[in-house]
Amino acid sequence: MKKISVLMLFLCSALFSVAQTQIVTGHPDFKVKVTRCAASGKTVVLDMVFTNVSETDVEDWSIRTLYCNTVIYDSEGNVYNDNNLAVKVSNFDYSTYFSNLKMISDVPMKVSLQIKGVPETVESLARVDLQVTIPSFNIGNTPVKIKNIPISR
């Protein structure tokens, strides 16, 4: 019985470590959390929460999908860019342009990225390079990198 318990514990920890999503934002006061990644047909929706954990409000920030600034790679080697993407920030559509937005300190902000044309066989997003610009945090030249996002189907 003890051997079975140890084996089960090992298998569970191995599965957890393989599928763990990794997020690199480029600044300790800017947090990104993936809340859901789900598919319906050939459309995948990646829901995230952005949070400014600094003591001051960010007066302007933007998210860019136009001109190949945001790029997504799936687990089957497909690449998606501005032709396949739509972005919503707090339920407002920012797909065709980017705008200066305010990010209030310690208030979560919902961001949703819709990816069109994803084959139904794709099980995960290998990497999302999301172009977020926050001048007060000196974020802009290096994208937010999110790796290993499983897709619920």
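The values are calculated or read from the model by the stated rules, or taken from the named source; none is laboratory data. No experiment lies behind these values; they were computed from the predicted model shown. Quick reminder, even Gly has a Cβ in these numbers, built from the backbone with ideal geometry, and neighbours come from all protein chains shown.
Odds and ends about this structure:
- Residue count for segment 117-144 satisfying the condition of being at pLDDT 95 or above and not acidic (D, E): 10.
This table checks each residue for (1) at pLDDT 90 or above; (2) of a type in the set (V, I, T).
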position: D60; (1), (2): no, no
position: S90; (1), (2): no, no
position: M103; (1), (2): yes, no
position: I115; (1), (2): yes, yes
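- In segment 33-54, residue surrounded by the most Cβ atoms within 10 Å (Cβ to Cβ) [restricted to those that are of a type in the set (V, I, T) and either at pLDDT below 95 or within 16 Å of the chain's Cα centre (by Cα) (or both)]: V44
- Candidates T133, T121, filtered to the one that is in contact with a strand residue (DSSP E or B) (Cβ under 9 Å, 6 or more places away or on another chain) and among the polar types (S, T, N, Q): T133
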